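Colleague: Handing you a structure now.
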Amino acid sequence: MEDKISYESIDDYIAKAAPEVQDLLERVRQVIHEAAPEAKEKISYQMPTFELHGNLVHFAAFKKHIGFYPAPQGIEAFQEELSGYKGAKGSVQFPLNQPLPYDLISRIVKFRAAENIKKAAGKRKS
């Protein structure tokens, strides 16, 4: 994807993605919605982003993978299950030539949502 493209919404992002990944992106979006129904959609860092008391997760399409960004805590908590994928401190790459692990994505999103809700509750108390 070119750096110069800017996106108004997740719908816009998916519409501008390569046709062969549009269904995958839509499915990832649906999984995130189901896992965190109260999360809001936005574009951040030119990527589809869900926020719930702060950023929850980002995802993006690349030539050979879907990038998923659940912050370092989301990666650490599921390190063993994510060990078969390329990744970095706060990201993981799901190759396009393999089925996407929707169940794992859902569990990571639920973990991150619980974490953000807990953090927000702590801030309200102090």
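The values are calculated or read from the model by the stated rules, or taken from the named source; none is laboratory data. None of the values given here were measured: they were computed from a predicted structure. With ideal geometry, Cβ positions are generated from the backbone for all residues, glycine too; neighbour counts draw on all protein chains shown.
Colleague: Starting from residues that are in a loop (DSSP other than H, G, I, E, B) and small (Gly, Ala, Ser), keep the ones in segment 84-115 and report whichever is nearest to PRO70 (Cα to Cα).
Modeller: Applying the filter and picking the extreme gives GLY90.
Colleague: Restricting to segment 62-79, give me the number of residues that are touching a residue at least 24 places away in the same chain (Cβ under 8 Å), within 11 Å of the chain's Cα centre (by Cα) and in a strand (DSSP E or B).
Modeller: 3
Colleague: Let me ask something else. Kindly provide the set of residues from segment 26-67 that are closer than 19 Å to LYS86 by Cβ, out of contact with any Leu (no Cβ under 9 Å at 6 or more places or on another chain) and buried (at least 20 other Cβ atoms within 10 Å of the Cβ), ordered by number.
Modeller: VAL57, HIS58
Colleague: The conditions are (1) among the hydroxyl-bearing types (Ser, Thr, Tyr); (2) touching a helix residue (DSSP H, G or I) at 6+ places or on another chain (Cβ under 8 Å); (3) under 23 Å from ASP103 (Cβ atoms), and SER83 fails exactly one of them. Which is it?
Modeller: Only one criterion is unmet by SER83, namely (2).
Colleague: Pull up segment 109-126, narrow it to residues that are basic (Lys, Arg) and at pLDDT below 90, then point me to the one that is surrounded by the fewest Cβ atoms within 10 Å (Cβ to Cβ).
Modeller: Filtering first and then ranking leaves LYS125.
Colleague: Something else about it: Being within 23 Å of ALA121 (Cα to Cα) and part of a loop (DSSP other than H, G, I, E, B) is the requirement here; does GLU38 meet it?
Modeller: So GLU38 fits the description; yes.
Colleague: So, in segment 52-61, how many residues would count as being more than 13 Å from PHE94 (Cα to Cα) and either of a type outside the set (Val, Ile, Thr) or not in a strand (DSSP E or B) (or both)? Steps first, please.
Modeller: Applying the first criterion (more than 13 Å from PHE94 (Cα to Cα)) to segment 52-61 yields 52-58.
Checking the rest, the ones that are also either of a type outside the set (Val, Ile, Thr) or not in a strand (DSSP E or B) (or both) come to 52-56, 58.
Residues meeting the conditions: 6.
Colleague: Among the residues of segment 30-56, which ones are under 11 Å from VAL109 (Cβ atoms) and in contact with a helix residue (DSSP H, G or I) (Cβ under 6 Å, 6 or more places away or on another chain)?
Modeller: Result: VAL31, ILE32, ALA35, ALA36, PHE50, LEU52, LEU56.
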